[in-house]
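What follows draws every value from the coordinates through simple rules; no lab data is involved. Fair warning: this is a prediction, and the values are worked out from it, not measured in the lab. Reconstructed Cβ throughout: ideal geometry from the backbone, glycine too, with neighbour counts over all protein chains shown.
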Amino acid sequence: MFLALSMAKAAFSMPGGIFADRIGRAWTLAAGWAVYAVVYVAFGFATHAWHAWVLFVLYGLFYGFTEGVEKAVIADFVRPEVRGAAYGLYAFADGIAKLPASLLLGVLYEYFGAAVAFSVGGLCAGLASAALFILCGVTGRK
């Protein structure tokens, strides 16, 4: 499955970058986070092996539309002489944030089941996506 995820990430990265160049990075991130939200909720309700396979490929779509774009946004906001440190700080913050998120998912899964656990993750991503869509619409930022 992780091979399928990696192949999907590779396949969707170029279209994600092109999409970001055409409609803007913020809109592309918001769209990617929306895909993440849908995929995560769907993971909670997957009942067959083929569901997981399809969802892993769609998870690759999320990565293709966000990973490179997030790094491009960092480059937009920091001076060239500190970009390496900025990417390092981003990776650190991302890794640190994933620890409590993973723990929360595990606790929710243990006590309430897959549907609740993955739906909470999807809800958080959906709220972030909606906030970014609204911010883009209000500010006109791309």
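What is the angle, in °, between the Cα long axis of helix 114-139 and the longest principal axis of the Cα atoms in the chain? Nearest 10 is fine, range 0 to 90. Around 20 degrees separate the two axes. Here the Karplus curve 6.51 cos²θ - 1.76 cosθ + 1.60, taken at θ = phi - 60°, turns the phi angles of the stretch 72-81 into couplings of 5, 5, 4, 4, 5, 9, 10, 5, x, 6 Hz, with x standing for Gly and Pro. Comparing VAL35, VAL73, VAL57 in a Gaussian network model of the chain where C-alpha atoms under 10 Å apart are linked, the largest mean-square fluctuation is found at VAL73. Radius of gyration (Cα atoms) of the stretch 69-119, expressed as a multiple of 2.2 N^0.38 Å: 1.64. Principal-axis analysis of the Cα atoms of the chain puts helix 25-45 at an angle of about 10° to the longest axis.
Residues of the stretch 36-70 with the amide nitrogen closer than 16 Å to a label point 7 Å from the Cα of ALA131, along Cα-to-Cβ, please. Within reach of a label on ALA131, which here means backbone N under 16 Å from a point 7 Å along Cα→Cβ, the stretch 36-70 contributes 37.
When you count the other C-beta atoms within 10 angstrom of each residue and take the mean per peptide, 1-12, 19-30, 78-89 line up highest first as 19-30, 1-12, 78-89. Given +1 at the Cβ of Lys and Arg, -1 at the Cβ of Asp and Glu and no other charges, the dipole of the stretch 2-139 around its Cα centre is 140 debye to the nearest 20. Note on the chain: Cα Rg divided by 2.2 N^0.38 Å, N the number of residues, gives 1.10.
Between helix 83-112 and the chain there is an angle of about 20 degrees, using the helix long axis and the longest principal axis of the Cα atoms. Ordering GLY44, LEU99, GLY32 by the projection of their Cα atoms onto the charge dipole of the stretch 2-139, which places +1 on the Cβ of Lys and Arg and -1 on the Cβ of Asp and Glu, puts GLY32 at the extreme positive end.
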